[in-house]
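> I have a structure I would like to understand better, so I am pasting it below and will then ask my questions one at a time.
Read the figures in this text as sums done on the coordinates, not as results from a lab. As the structure is a prediction and not an experimental result, all values here were calculated from the model. Backbone-built Cβ (ideal geometry, glycine too); neighbour counts: all protein chains shown.
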Amino acid sequence: MSRFRPYILLALTGTLLFAGCRDFALDSNGGDASSMEGDGVATLSVPFELNFGQRVILDDIDFTVEFTMVTEDNRCADQVDCVQAGRAGVLLSVTDAQSVRYQLVAYIPGLVATPYEYNDIIQFQGYRFRLLQVDPYPVSGVDRKMDSYKVLLIVEPLDANLP
């Protein structure tokens, strides 16, 4: 049996390498194939939630929106006295009908009631993107992992009325 041991070890190593690399496979659009599962559908002018790493297809237009990163979260934590309210920033990847991927960075101030409908607007290809909420809100002494975040967004045509 000892003469088969190197082959068994080689087969086991190859299987483990293949299993570990499958999460890095790319789809034809350059996105992570493992995140393709569970795509949701969102509607224009209706707020929608995205968990970290999740993406949705906007059903009225050919855009896919993905929550890819928290760029910063220095909002003043609950029950803490701060000199500034701080802000949270998130990176959104938007893929258009031609499979071109764009990155948008959206911010929301700290210490505001949410959903915060008066947030800054990002104008992109005839649409308005607004970040309405970032959860969880910071708690003093608690570190958050990136995958614990979720955002509330709204995408509207530029000609839609503002709240």
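> Has segment 74-93 got any residue that is within 18 Å of the chain's Cα centre (by Cα) and either on the phi > 0 side of the Ramachandran plot or of a type in the set (Ser, Thr, Tyr) (or both)?
Checked segment 74-93: at least one residue is within 18 Å of the chain's Cα centre (by Cα) and either on the phi > 0 side of the Ramachandran plot or of a type in the set (Ser, Thr, Tyr) (or both).
> Looking at ARG144, is it under 14 Å from LEU44 (Cα atoms), of a type in the set (D, E, K, R) and in contact with a strand residue (DSSP E or B) (Cβ under 9 Å, 6 or more places away or on another chain)?
no
> How about segment 60-106: which of its residues are among the small types (Gly, Ala, Ser) and in a loop (DSSP other than H, G, I, E, B)?
The answer is ALA77, ALA85, GLY86, ALA97, SER99.
> Restricting attention to segment 71-85, does a residue exist that is within 21 Å of ASP39 (Cα to Cα) and of a type in the set (D, E, K, R)?
Among the residues of segment 71-85, not one is within 21 Å of ASP39 (Cα to Cα) and of a type in the set (D, E, K, R), which makes the answer no.
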